[in-house]
Amino acid sequence: MIVVTVELYPLGSFGKRRIIGSALILNDKTGTLESGNYKAKIWKDGEDIGSPIIKNFPRQELDAWDLLAEVIKKRKAH
């Protein structure tokens, strides 16, 4: 499981920070060693804004940042 949290620090203030978004990416365990399948959930300001599904992600060639980019890209496509 990958969890990504996006925080806002108004004027750089740690005391005023707040979470403005988050994503949860789960391996659905139907892939292979070379290719993974994932289900994601994305929230913005606490509101569910998407549940992209990533199929055949080349996990031997790419990393978690690439997977996150794919999740965001899929979410924006819908």
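So how tilted is helix 64-77 from the main axis of the chain? Cα-based, degrees 0 to 90, rounded to 10. The angle comes out near 80 degrees. Arranged from fewest to most other beta-carbon atoms within 10 Å of their beta carbon, Tyr9, Tyr38 become Tyr9, Tyr38. Charging the Cβ of each Asp and Glu at -1 and of each Lys and Arg at +1, and nothing else, the dipole of the stretch 1-51 about its Cα centre rounds to 180 debye. Put a dot 7 Å past the Cα of Leu24, heading toward its Cβ, do the same for Gln60, and the two dots end up 3.1 nm apart.
Taking amide hydrogens as placed 1.01 Å from N in the peptide plane, the amide H of Gly31 sits under 5 Å from those of Asn37, each at least 5 positions away in sequence or on another chain.
Of the trypsin sites (Lys or Arg not before Pro) found in the stretch 14-78, the ones in coil according to DSSP and having at most 11 other Cβ atoms within 10 Å of their Cβ are Lys29. In percent, rounded to a whole number, the relative contact order of the stretch 2-77 is 21, using alpha-carbon pairs under 8 Å and six or more apart. The slack between Val6 and Ile49, meaning 0.36 nm per residue of separation minus the straight C-alpha distance, is 14.0 nm.
Could you tell me which GluC sites (Glu not before Pro) in the chain are loop residues by DSSP with no more than 10 other beta carbons within 10 angstrom of their beta carbon? Hits after loop and neighbour filter: Glu61.
Ordered by the number of other Cβ atoms lying within 10 Å of each residue's own Cβ, fewest first, Val4, Val71 fall into the sequence Val4, Val71.
In the calculated pair-distance distribution of the chain, the portion above 16 angstrom amounts to 53 percent of the Cα-Cα pairs. Straight-line cross-link reach from Lys55 at under 22 Å between alpha-carbon atoms covers these lysines, not counting any fewer than eight positions away in the same chain: Lys29, Lys39, Lys41, Lys73, Lys74, Lys76.
Any read-out appearing in this document is the output of simple, stated calculations on the displayed coordinates, not a laboratory observation. What you are looking at is a predicted structure, and each value in this text was computed from that prediction instead of being measured. Ideal geometry is used to build each Cβ from the backbone, glycine not excepted, and the neighbour counts take in all protein chains shown.
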